[in-house]
Every structure is written in C-alpha cells, then in structure tokens.
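What follows is a single structure, written as structure tokens, with notes after it.
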Amino acid sequence: MNDMIICRCEDVTLGELISHIENGSQTVKSLKLQTRAGMGICQGRTCRVLVEQVMTYYADESNIISSSVGTNFPIRPIRLAELAQNGKGDP
Amino acid sequence: METYDAVVIGGGVIGTSIAYRLAETRHVLLVEKTDIGAQTSGACDKAIFLQSKKPGFPIKLAKASRQIYENLEEELETSIEFHKGGGMIVIEDEDHIEFMESFVKKQQKAGIDVTLLDSKEARSIQPSLAEYIVGATYSKEDAEVNPLKLSQAFAQAAKRRGVDIRTHTEVIDIDIQNGKVVGVKTTSGYIATELVVNAGGPFAGKIAEMAGVGLTIMPRRGVILISEKINPMIFGNILCSQYIAAKHQTDEENKKKPPYGIGLSLGQTKSGNLLIGGSREFKGFQKAINDEILAAIARHATRIAPAIKPIRIIRSMVGFRPYTGDGLPIIDKVEGVEGFVIAAGHEGDGIALAPITGKLVVSLVENRKEDQSLLKPLQFKRLKAV
Ligand SMILES: Cc1cc2nc3c(=O)[nH]c(=O)nc-3n(C[C@H](O)[C@H](O)[C@H](O)COP(=O)(O)OP(=O)(O)OC[C@H]3O[C@@H](n4cnc5c(N)ncnc54)[C@H](O)[C@@H]3O)c2cc1C
Ligand code: FES
C-alpha cells in the first residue's frame, strides 16, 4: 500500500509521505517542500485533500500544525504568450 | 533548564549551513519559526553565478563559496542537483555592448572564464533566444543547485551531527545580561546559551532588535513564474544585460530602466519546470502582486526567448531578498553584545553564498586568522551610520 501514488503530477507515494511525517514533518507545506507533492501542473487540485488526509491519519494529532499552502497565481495554467498580453501593454 | 553551546535563529539556506558547520565542535539548536527552507530560501531561483558579480571582493567571496560546492554533495551525502550548466548574459541592446565589453574584460582579469559571443554563437548554445539579440557573454563556470534540496540537505546533515532542530518555534526575545548573551526565549520555552547566530534573512532586523541592536535589512521583493514540465530547452541559466546594468550602473547611466526592476533570469529545473524571473522592488513584506508585474515578466522573457511562448505557467512565487544596501551580507560579531553574531543580508546571492557563510561563521567564533580577508569586508560597522 505504501506504493500507492498520492500526488500523480509529481509521482509521490504514500510511503514517501509517511517517512517524512515520521521524520518530523508537521505541516502539508513541509511535505510539499520535501517531496514536491502539490507542486505539479494541477497545483495540488487533485492531491491536496489526500495529502491532508495522510497528514491527519499518520501524524500524531497533537503534532499537526495547520498551515495554509496558499494557491498562487495563476488559477489555471496559462500560456506565456497570453500572459504577456495581459495588462496595459508595453509600459 | 535546556542548555546549548549555540542557538541558530532561522532555518533557511543560511541558518542550516551555519548549524551544520558549528556542529563540528558544538551542541547546536536550530530554531525555525515555520518550516525548513519555507521562506526566502523556498521562493527563489537556483543560480550560482560567478560572472554576474562585481569584480573585486564580491567575486572573491563567490569563488570561495563555489569552490565548496564542488564537493558538497559528497560531503552532505545527498543530491542537491548541483549542475555545472554554464551561464549566459544576453545583450539585447547595442547600447549595452560597450558596457558589457568592459565588464567582461574586468571579469577575465579577475580570473573568471567568460567570453563575449555574437548573436549566432549565443543562439547555437541557447536555440530559444530571439534572432535580434546582439550578443551574449558566456561562462562555463556558472552552475545551479536546487535550493529546496540545499536547505533540507544541510538540515539533515546537521541532524546527523547532533543538531536539534525545532520548527514552528519562534524566538521572541534574546536574554542579555551585563553585555553578554545568556539565553533566548522561544515560543516553546527558555534556552540557555552563550552564542546566538541571527540567520533571519529578511527578518534579521527584528531579531537584532531583541538584542537591542539596530540593523537595517530591507525586504527586496522578487517575483518568479514557474512553468509546466517540459523537455530540456534551456541550457544553464540566462540573465539579460539589463539585470547587470540594474545591478552595477547608476540610474543615470542606465536610462532605459524597465518597470518593477525587471531583468530576465531564465532557467530550467532538473524536473523540467522553467523558472522565469524576475522583479526587484521595495514593497515591504507585501505578498499580493498585481497582474501587471506578471505580464511584464512574461513580456520581457518572451521577447528575449520567443520559443517559450506556448509554454504554460502553473504558478508564481514571491520572495523577499534580504537587502543590506551594498549587495553583500553582514557576517560579524556585534560589538557590545558578546555572543551575538549576525549572518544575514545575502540579497540575491544567498544560494550561491550559503556554503561559505557557514564556514565563515565558524572562523569568526573560533577567532581563526585564515579567513580574515573574507570577513573584514563583511563587517557590520561598514553599514552603520557614523
Ligand atoms: C525571486 C528571488 C530569486 C533569487 N534567486 C537567487 C539565485 O538565483 N541565486 C542565489 O544565490 N540567490 C537567489 N536569491 C536569494 C536567496 O533566495 C536569499 O539570499 C536566501 O534564500 C536567503 O536565505 P536566508 O536563510 O538568509 O533567509 P530565509 O530563507 O528567509 O531564512 C530565514 C528564516 O528565519 C526564520 N525566522 C525569522 N524570524 C524568526 C524568529 N524570530 N524565530 C525563528 N525563526 C525566525 C524565517 O521563518 C526563515 O525561515 C533569490 C531571491 C529571490 C527572492
Ligand atoms: S496531483 Fe499533486 S500536484 Fe497534481
């Protein structure tokens, strides 16, 4: 079961997440920084809930610290050519 | 009462590097308010540039740090994705040629292996570049590293040397008696110690205040765009001469200054994402950014490297470079507060300079003679108003 993929975009398994939690990770952000879970093209839309569940299930409840893994711009992937057209044009 | 030989405040690339080195001879506690590498060191680029540094001391310091990188993966026993991919500074504008020619001459004199290429030669190395560019400087010595892995690797290696790491713990006061550090107060209790290292990056000013020390380090905001994973198309790191001009010329000399202090920095991570930067602004610790900055970065990058136009951006990052005013960090003991050391203010070079910073802090506290020539220009008093 440890081979189960939790983050498909970045190929992160349940086993990897558990081993980081056992090593002291207390936040979803810390898991993200160490395994890249949530950093893929979907930006965690698919895996965030799963990662949070893994955290609450495997971590000692009193150790979990809730941290916001804020979603950063853009909301959806956008081509550079399109992004370049945003705003007022060449200032 | 808990007691340590040394307490390092801040778990970015700088604090983790220092904790690792100090642990050679000391029992060390590393205190980090959030997670390891979660602040500036987790919202930055990956370049270890030599050729972009000012000739003179900045190059000497950068070279000393680059030297340590040569064997760092072996030393830390893990991959940090260190890669000698070379670096290029693209010259977009005829007006910059003269300035860049003299810049290259000075760099060569300083012993940096850098050459000036014409447009065609530059594009043979980086096929993504636009035809109109007038040339580029190129150096094989420039390298890159994964900054996320770097902080983690230093932290893990420090742990193996017996360092205790306390994350989600904030230092809230520094206890000083008769001009000497005797301990720190944290959100998880009091720690007795005679040595405190302030490695707070852009937050170092607030930490210094706890010791009654006035230290001005300003957050210089930078924004980077991150793309989806793609096959290798950018080889090594690319800057534009606008970036060098912004870094080394006065406003008077650099008339065509772009908005938001934008200068290209473009590279591709080992996992395939493009990192496209970046801006330089003073906006306090304001994380919210407007669309116009993102669009301006995209415009600048797609003009110089049109081949990236169809690639999709998946997110952006906002980081705060710790700015001292002269582009160099402070690595020094504080006069009048025995046992209080500052190691902060690496601005846009903290990744490149992390390895040497750990070593210099050890030299400093051990009063070693050999690194004096590197420590002297980093003294605190150079920046204090007299
Ligand atoms: C957009 C951008 C691009 C960059 N690109 C490059 C590059 O290509 N190459 C390069 O060499 N450099 C680059 N840099 C610069 C580099 O990122 C920084 O110089 C470096 O990360 C600074 O590291 P630090 O450890 O000093 O700071 P930080 O990583 O910010 O670490 C300081 C830590 O101190 C903690 N802290 C603060 N107050 C307290 C407290 N009271 N108690 C406990 N902990 C506390 C914070 O939580 C934080 O984790 C870039 C920076 C930016 C913003
Ligand atoms: S599934 Fe984890 S980032 Fe997409």
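Where a number appears in this text, it was derived from the coordinates with a stated rule and is not lab data. Values in this document were obtained by computation on a predicted structure and should not be read as measured data. For neighbour counting, all protein chains shown are included, and Cβ atoms are generated from backbone atoms with ideal geometry for every residue, glycine included.
Using only the Cα atoms of chain B, each taken as one equal point scatterer with no solvent, compute I(q) by the Debye sum, divide by I(0), and report log10 of the ratio at q = 0.07, 0.13, 0.14, 0.15 Å⁻¹.
-0.31, -1.04, -1.19, -1.34
Could you give the size of the charge dipole of chain B about its Cα centre, using +1 on the Cβ of each K and R and -1 on the Cβ of each D and E, expressed in debye and rounded to the nearest 20? Intermediate results must be reported in sequence, preceding the final value.
On the way: 49 positive and 47 negative charges, 46 e Å.
Around 220 debye, computed over chain B.
So what is log10(I(q)/I(0)) for segment B:146-186 at q = 0.16, 0.31, 0.32, 0.33 1/Å, when the Debye sum runs over its Cα atoms only?
Per q value, in the given order, log10 I(q)/I(0) is -0.62, -0.96, -0.98, -1.00.
How would you rank B:Asp349, B:Asp175, A:Asp60, going from fewest to most other Cβ atoms within 10 Å of each one's own Cβ?
By the 10 Å Cβ count, ascending, the order reads A:Asp60, B:Asp175, B:Asp349.
Skipping prolines and chain starts, which residues have an amide H placed within reach, meaning under 5 Å, of the one on B:Ser279, given they are 5 or more residues away or on another chain?
B:Val223
Rounded to two decimal places and with Rh computed the Kirkwood way over Cα pairs, what is Rg over Rh for segment A:5-87?
With Rh from the inverse mean 1/r over Cα pairs, Rg/Rh is 1.07.
What order do you get for B:129-140, B:257-268, B:67-78 when each peptide is scored by the mean count of other beta carbon atoms within 10 Å, highest first?
Peptide ranking by packing, descending: B:257-268, B:129-140, B:67-78.
So which of B:Lys140/B:Lys309; A:Lys32/B:Lys287; A:Lys29/B:Lys309; A:Lys29/B:Lys53; B:Lys63/B:Lys369 end up more than 23 Å apart by C-alpha?
Listed pairs above 23 Å: B:Lys140/B:Lys309; A:Lys29/B:Lys309; A:Lys29/B:Lys53.
Of the options A:Leu80, A:Ser66, A:Gly38, report the single residue whose Cα projects farthest towards the positive end of the charge dipole of segment A:5-87 (beta-carbon charges: Lys, Arg +1; Asp, Glu -1).
Of the candidates, A:Leu80 comes out farthest on the positive side.
So if the hydrodynamic radius of the protein assembly as shown is defined as the Kirkwood radius over C-alpha pairs, what does Stokes-Einstein give as its diffusion coefficient at 4 °C and 1.567 mPa s, in µm² per second?
Result for D is 56 µm²/s.
Between beta-carbons, use under 15 Å as the cut-off and find the net charge around B:Ala204, counting Lys and Arg +1, Asp and Glu -1.
+1
Once you have all Cα-Cα distances for segment B:1-144, histogram them in 10 Å bins from zero and send the whole-percent values.
10, 29, 29, 19, 10, 3, 0
Enter the mean number of other protein chain beta carbons within 10 Å of the beta carbon of each residue in B:32-41, as an integer.
If you average over the peptide's residues, the count of other-chain Cβ atoms is 3.
For the protein assembly as shown, which cysteines have no disulfide-compatible partner, meaning no other cysteine Cβ under 4.7 Å?
Those would be A:Cys9, A:Cys42, B:Cys44, B:Cys240, since no other cysteine Cβ in the protein assembly as shown comes under 4.7 Å of theirs.
From the residues A:Cys7, A:Gln26, A:Met55, which one has its Cα farthest along the dipole of segment A:5-87 in the positive direction, the dipole being from +1 and -1 charges on Cβ of Lys/Arg and Asp/Glu about the Cα centre?
Result: A:Cys7, furthest along the dipole toward the positive end.
Would you please calculate the Kirkwood hydrodynamic radius of segment B:87-246 over all C-alpha pairs and express it in Å, rounded to one decimal? Could the numbers behind the result be given before it?
Values: mean 1/r = 0.0494 Å⁻¹.
Evaluated over segment B:87-246, this radius sits at 20.2 Å.
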